[in-house]
Structure formats: C-alpha cells, structure tokens
Amino acid sequence: MSAFAGKFYVPGDDGFVEAAFSRVFNHRRPSDRLPSAVLVAENEQDVVAGVRFATENGLAVAIRSGGHSWAVWSVQNNTLLIDLGKLNSAQYDETTTIVSAGPAILGGTELDPFLAEHGRFFNGGHCPTVGIGGFLLQGGQGWCERGWGWAAESVVAIDVVTAQGELVHADAHQNSDLYWAARGAGPSFPGIVTKFHLKTRPRFSRLVESVQVYDIADFAEVMTWMYQVEPTISPDVEIVCVSLCPPSIDGEPRKRVFVVTGVAFTDSVEAGIEALAPLQTCPLIDRAFENIVQESTMAQQREGQLRMNPENWRYYADNVWVDGATDDIIEALTPVFTTSPEPDAFTIWFGNGLMRELPDMAFSLQTPAYIATYLAYEDPANDARNRAWLNEAMVAAQPVTVGQYLGDSDMTNRQLKFMADENFAKLQDIIATRDPEGRFVRYLAHDPSTVNKNHWQL
Ligand SMILES: Cc1cc2nc3c(=O)[nH]c(=O)nc-3n(C[C@H](O)[C@H](O)[C@H](O)COP(=O)(O)OP(=O)(O)OC[C@H]3O[C@@H](n4cnc5c(N)ncnc54)[C@H](O)[C@@H]3O)c2cc1C
C-alpha cells in the first residue's frame, strides 16, 4: 500500500509525464529536466510524508502550486516533485478578516470570487490563474501594488513543512525566520508552505478605467510625460503602459501601438473619473487613436489578462527594475518597447513611483518603475530568434537596470540582483540553518555561485 493518500508516479508509470508537466503554464518546457518522482499531494500529511520519503531516498524536493513559473522551476532533475494542486481551499474569518488559503488556490479565478462573497479583496496576480504559492513567496505584484503594497506584505502567517518533515506555524513571533524568508525568498524558500494566512482589504465597489492608444512612434514623448505625472496620481490607481499589437482589422497587418492605461479602484464612478483625470494631461492626447474613460469590472480586467496570456502557448519572459534620468531610461528601453519580433508579445511599464518603505522581509528590491516583456508565441521554430531578441533588448536596458523581480525571471538564461545584499545574506543563513542538507531545491541558476548579482557587473 502506498504511504500517500495522493497519487505517486515514477518514470515509466502511466501518467508520469502528465503529472510532471500538465499543470505547467508555459508550453516551452525544459527538455533537459525531469523529476525522479512526482507526488500529487492530497493533503498536508502527504506533504510531510513526501519530504520524509525524499530524505529516505536521497532526493531533493521541488514544489508546484499554480504552475505559472515562466522558467518552470517546479521541474528539476533528481527531485521528488510535490504537486500541491489539491491544496486549494480557503476559509475566511469574519472577526479577524483574515483568509487562510492553500498555496494552489488561483488568485483571480478562485480566491477573489470567494472573498467577494464576504465583501473583501486580496491583491492577487493580474492573470487570474496564477497560484498564490509561488506568487506570494517572491513578493507578489498584485492589483494596485503601486498603492496597496506587495501582496507578501499581507501575509500574516504561514503553515510550513520543514526540511525535517515537520509541520510548523510561522509568524512574527514563532518561527519568525521562516516568516521573514517566505516574503521574498521565492523558489529558494527552505520549506513547503501548505497554508497562507492573509490580511484582506475592504472591497471597492466600482472600477473605472482609462485607455489611451498612441502610435508606437510616440513612445518616447508619452513616456517622458508619464514619468512626470505618475507620482502625482492617487494610490488607488494602477498605471500600466503597454506596447502591444491589437488584433487586425479587415485583414490589415497588425501594427504595434503604445497604450497608457489607468484603473481606479474606487467607490463611485465620479471618484474614479476624478482619480484618472491627470492622465488627460498628456500633451499628445490629440494624437491618440483612442481615449476612453469608462466603468469596468474585475471580470473584464481579468478577461483582458487571459487574452494577453493565452493558455498552451510558448513564452519567454524577462524583466528589469530601472532607475536613473528619464531620458536615459527611455533611450535604454526603446528597443524592448518598439522592436519585438512577435505580434503577440507585449511589454509593460508598471508605475511604482509611490515608493514606500518596505517592512522587514526578504523581498527588498524595487525602483520607481518595473519593465517586463512577455513573448507569447506558438511556433517552436521561433524559439532561438525570440531568445536572441529578448537578450539583446535587455542588454540595451543594462545602463539603467538596477536588478529584477523574481516573478518574471529565468536565471538559467540571465542572472540579476533581486534582493538587497544584507537580505540575501540573511536568507542564506536561514537556509543553512533550516535546510542544511539541501532538501529543497535552490534558485535554478546558470551559475549558482553568482546568484543575486547583475551578470555584467561581475
Ligand atoms: C500568465 C502569467 C501572469 C503572471 N502575472 C503575475 C502578476 O501579475 N504578478 C506577479 O507578481 N507575478 C505574475 N506572474 C509570475 C508568477 O507570479 C510566478 O511565476 C509565480 O512563481 C507563480 O506561482 P505559481 O504557484 O503559480 O507557480 P509554480 O510554478 O507552481 O511555483 C513556482 C515556484 O515557487 C515555489 N513554490 C511555489 N509554491 C510553493 C510552496 N507552497 N511552498 C514552497 N515553495 C513554493 C517553488 O520553487 C515553485 O517551483 C505571472 C505568471 C504568468 C504565467
């Protein structure tokens, strides 16, 4: 009889390959990595038993919650992959307004409707199918992070299975080293989180969006204005500028445009329009192909995210935190915003200019603007060309690059700084104490000895 309530697979078993890959979002999958076994955990006891099984069999442990790591961190050699997909329930406490949720619950598709029933909101990932597990561990750039903070800042406690195979509770008072690490360590957290206890916020009642569409040739001028106006805009507005190609009309070739969006999370349409008003000050507004301000819903916003990130496609993603003089930033970012070879690729500038002091936690690197590119495509023949384009565009951005966010990174290709040096050193101490035998996989990096350094500064 199996030691697990859930299903257990080794290579050669029916269902092994499916168990290893079917919940991986990115269809550009690694051809040189495969786990030694997969456990689809049924419950927390299975996770404990899985860690003990790995110890007895000399395997490291890799973990999957929502399967949305672009770089497919959950699939690694010589590991037991513990798939937490069934740990996706949630309980809400009316008295504390805290929600306790399994790591595989999908932030938008599952957790948000559950919280909406209680009039509450949690700022999960933009794409509704992102699992909260990987998302929260690396910081969590959720809806309106600009004003409401990193989603990890709302983690009040976690339940964790340790490298010794024990289930413990961690918060600011007990096992506080694990609590500190869980808010930013990402895929090098020395444990398996089986439950997150999260602060929720009152739910806004109205959503108003502003969408302005410019010629891509206007990128530099629009961005120059954006750098001036963004810090003056309400913290209840999310601001994202996107380079994308809208669908073709009448069979015309698709043309890349530059779209300035604002989404106000508010309690009345009038308040939303007022909060978005500064976006009407763009000096190029008369040249905009479209300039719309309208009421929207979370469901519509999420549909838009799903359209931009189709299931079953291949993806390359990369990102940078930038800082410096506005002109230098714009010059360095021009290639990544204007020259993408794939019509379905998009690049975002995420306004983060309302920089707040972060609480003491592992996550510790951000700048006033976040730039990320998502190369979405279907044809594997374009892999090499797309990789080369993205790397070149990121080299152009180096003069203004401070580091990057783990969430959209792939250290097998490019290694950058993602954490303050002192936080990284503290994290290494916690890992050494909590997981001295390396039971849990570490950052999947091209060169593990230079993790958390910008590769061109070595
Ligand atoms: C379409 C799409 C949209 C996205 N949008 C956003 C966004 O808006 N904001 C943002 O911040 N990020 C976003 N991301 C990035 C995403 O948050 C990260 O890829 C994150 O790692 C995904 O979490 P997951 O649980 O779904 O992934 P998984 O692939 O399941 O997990 C990634 C890794 O995290 C670690 N991990 C996961 N769960 C646990 C656990 N319970 N215990 C210990 N370690 C664990 C493991 O190392 C695991 O391999 C997006 C990704 C995609 C594909």
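The values are calculated or read from the model by the stated rules, or taken from the named source; none is laboratory data. Here the structure is a predicted model, which is why all the values come from computation and not from measurement. With ideal geometry, Cβ positions are generated from the backbone for all residues, glycine too; neighbour counts draw on all protein chains shown.
If I ask for residues that are polar (S, T, N, Q) and either crowded, with 24+ Cβ neighbours inside 10 Å or within 7 Å of the ligand (Cβ to nearest atom) (or both), which ones from region 130-160 would you list?
Result: Gln138, Gln141.
Of (1) free of Cβ contacts under 8 Å to residues at least 60 places away in the same chain; (2) under 27 Å from Gly66 (Cα atoms); (3) more than 24 Å from the chain's Cα centre (by Cα), Val229 satisfies all except one. Which?
All conditions are met except number (2).
When only residues in region 1-32 that are in a loop (DSSP other than H, G, I, E, B) and among the β-branched types (Val, Ile, Thr) count, which is farthest from Asn57 (Cα to Cα)?
Only one residue fits best here, namely Val24.
Taking the options Leu365, Leu390, name whichever one is within 27 Å of Met226 (Cβ to Cβ), in contact with a Ser or Thr (Cβ under 9 Å, 6 or more places away or on another chain), of a type outside the set (Asp, Glu) and assigned by TED's automatic domain parsing to the domain that holds Tyr227.
Leu390
Could you check Gly124 against (1) of a type outside the set (Asp, Glu); (2) modelled with pLDDT under 95; (3) over 22 Å from Gly186 (Cα atoms) and say which number it fails?
Tallying (1) of a type outside the set (Asp, Glu); (2) modelled with pLDDT under 95; (3) over 22 Å from Gly186 (Cα atoms), Gly124 fails exactly one: (3).
Residue check: is Ala185 free of Cβ contacts under 8 Å to residues at least 60 places away in the same chain, more than 8 Å from the ligand (Cβ to nearest atom), surrounded by 21 or more Cβ atoms within 10 Å (Cβ to Cβ) and of a type outside the set (Phe, Trp, Tyr)?
Against the criterion (free of Cβ contacts under 8 Å to residues at least 60 places away in the same chain, more than 8 Å from the ligand (Cβ to nearest atom), surrounded by 21 or more Cβ atoms within 10 Å (Cβ to Cβ) and of a type outside the set (Phe, Trp, Tyr)), Ala185 does not qualify.
In region 249-288, what residues are over 31 Å from the mean Cα position of the chain (by Cα) and not in a helix (DSSP H, G or I)?
Ile249, Asp250, Gly251, Glu252, Pro253, Pro283, Leu284
Which residue, of Asp421, Asp410, is modelled with pLDDT of 95 or more and in contact with a strand residue (DSSP E or B) (Cβ under 8 Å, 6 or more places away or on another chain)?
Answer to the check: Asp410.
Among the residues of region 201-217, is any surrounded by fewer than 17 Cβ atoms within 10 Å (Cβ to Cβ), among the small types (Gly, Ala, Ser) and within 28 Å of His118 (Cα to Cα)?
yes
Among the listed residues Gly165, Gly131, Gly107, Gly124, which satisfies the condition of being under 25 Å from Ala420 (Cα atoms) and either touching a residue at least 24 places away in the same chain (Cβ under 8 Å) or not basic (Lys, Arg) (or both)?
Gly124
Taking Cys144 as the residue in question, decide whether it is touching an Asp or Glu at 6+ places or on another chain (Cβ under 8 Å) and farther than 16 Å from Gly186 by Cβ.
In short, yes.
Matching residues to (1) among the small types (Gly, Ala, Ser); (2) touching a strand residue (DSSP E or B) at 6+ places or on another chain (Cβ under 6 Å); (3) within 13 Å of the ligand (Cβ to nearest atom); (4) closer than 24 Å to Ala369 by Cβ:
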| residue | (1), (2), (3), (4) |
| --- | --- |
| Asn88 | no, no, yes, no |
| Val99 | no, yes, no, no |
| Thr109 | no, no, yes, no |
| Arg120 | no, no, no, no |
| Asn123 | no, no, yes, yes |
| His126 | no, no, yes, yes |
| Glu166 | no, no, no, no |
| Gln174 | no, no, no, no |
| Leu178 | no, yes, yes, no |
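Residue by residue, here is whether (1) closer than 30 Å to Leu365 by Cβ; (2) surrounded by fewer than 16 Cβ atoms within 10 Å (Cβ to Cβ); (3) among the acidic types (Asp, Glu) holds:
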site: Ala264; (1), (2), (3): yes, no, no
site: Glu274; (1), (2), (3): no, yes, yes
site: Gln280; (1), (2), (3): no, yes, no
site: Thr297; (1), (2), (3): no, yes, no
site: Val320; (1), (2), (3): yes, no, no
site: Ala325; (1), (2), (3): yes, yes, no
site: Ala345; (1), (2), (3): yes, no, no
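Kindly indicate whether any position in region 400-421 is assigned to a loop (DSSP other than H, G, I, E, B), touching a Ser or Thr at 6+ places or on another chain (Cβ under 8 Å), under 18 Å from Gly184 (Cα atoms) and among the hydroxyl-bearing types (Ser, Thr, Tyr).
no
Check off (1) within 11 Å of the ligand (Cβ to nearest atom); (2) over 20 Å from Ala101 (Cα atoms) for Val17 and give me the number that stays unchecked.
Only one criterion in (1) within 11 Å of the ligand (Cβ to nearest atom); (2) over 20 Å from Ala101 (Cα atoms) is unmet by Val17, namely (1).
Suppose we keep only residues that are of a type outside the set (Val, Ile, Thr) and either modelled with pLDDT under 95 or in a strand (DSSP E or B) (or both) within region 33-56. Which one would you say is nearest to the ligand (Cβ to nearest atom)?
Here the answer is Leu39.
So for region 405-420 (the condition being more than 16 Å from the ligand (Cβ to nearest atom), of a type outside the set (Phe, Trp, Tyr) and over 20 Å from the mean Cα position of the chain (by Cα)), does at least one residue qualify?
no
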